[in-house]
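In what follows, a structure is listed as structure tokens, so that the remarks can point back to it.
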Amino acid sequence: MTRPVFRFAPSPNGELHLGHAYSALLNSDMADKAGGRLLLRIEDIDAARSRRAYEEAILRDLEWLGVKWERPVRRQSEHMADYAEALLRLRRDELVYPAFMGRSEVRAIVSEAEAQGRAWPRDPDGAPHYPDRDRTIPQKERRKRLDAGYAHAWRLDTAAALAQASGVIEFTETGEGPDGDTGRIRLDPRVWGDPILARFDTPTSYHLSVTVDDALQGVTHVVRGRDLFHATSIHRLLQVVLGLPEPAYHHHRLILGPDGRKLSKSFGDVGLREVREAGYTPTEVRRLIGL
């Protein structure tokens, strides 16, 4: 019988905090209980923010916590060809399109629409949906722009992908979604509009790379924060149209700061290094985060 495969996948753009500790330890505990394997993946596709020093700090913190993972560690920056291959498949199936508008152009279109009293759709993270203009550009004009080297991103044509997937996107939740959802859940990827799958300067995005990595690494159980619950609809849609296996998903509670906000590297929340230097032990960290 195939052993279950779990993974912890931090980004090396800052130090781990207590929220990361909860996710890493929960993955480790669930893998142990299931007699499974735990993988470590470094999600470093953002070259501008990723630092090897942060990666080294991540490894030190995980070792201090007592988390054990299989070697070698997969670094996304070393596997860009895998993501490019998946994107090429989507291009051949006409499920993505080049998006030429920059952020300022999008903001201008959205602002004008809202100034006229029209409600502009926004994704679960609050970002406005990308306008329809580039999706409807004639193929001849699109090819002309690509040949001329216009800067562009590749966006998923969500409507086309859903049509190929027969319109039903479901997944199995073994944790608990934001509204207490559990069991077999149906989500609508259209709430994301047409998300970016690759950028002009990076041949992938979070959505594409995480989906490809989970399949290539044989991940059977995705255990991650509840803030990624809605992103599962895009990941499942990509799995369906790319013919990739479906893992089980377990979205866990978030560790919140005193102000009720989820912990974040961006806000400089207290890292595990500071906790360790303050004299806490791994056992005390477990109690602190409720494990």
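The values are calculated or read from the model by the stated rules, or taken from the named source; none is laboratory data. It should be emphasised that the depicted structure is a prediction, and the values quoted were computed from it without experimental measurement. Every residue, glycine among them, receives a Cβ derived from its backbone with ideal geometry; neighbour counts consider all protein chains shown.
What to note about this one:
- When ASN13 is tested against (1) among the polar types (S, T, N, Q); (2) surrounded by fewer than 18 Cβ atoms within 10 Å (Cβ to Cβ); (3) more than 27 Å from PRO195 (Cα to Cα), exactly one condition is not met: (3).
- Looking across TYR83, TYR54, one residue alone is surrounded by 14 or more Cβ atoms within 10 Å (Cβ to Cβ) and in contact with a Gly (Cβ under 8 Å, 6 or more places away or on another chain). It is TYR54.
- Candidate set: segment 142-189, residues that are under 18 Å from ARG91 (Cβ atoms), assigned to a helix (DSSP H, G or I) and touching a residue at least 40 places away in the same chain (Cβ under 8 Å); chosen: the one nearest to the chain's Cα centre (by Cα): THR158
Conditions (1) at pLDDT 95 or above; (2) among the aromatic types (Phe, Trp, Tyr); (3) touching a helix residue (DSSP H, G or I) at 6+ places or on another chain (Cβ under 8 Å), marked per residue:
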residue	(1), (2), (3)
ASP194	yes, no, yes
LEU208	yes, no, yes
TYR249	yes, yes, yes
LEU256	no, no, no
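- Cβ pairs under 6 Å, 6+ apart, first in segment 90-113 and over 26 Å from LEU237 (Cβ atoms), second hydrophobic (A, V, I, L, M, F, W, C) and at pLDDT 95 or above: ALA113/TRP120
- Filter pass, ARG60 being in contact with a Gly (Cβ under 8 Å, 6 or more places away or on another chain) and either outside any strand (DSSP E or B) or among the β-branched types (Val, Ile, Thr) (or both): no
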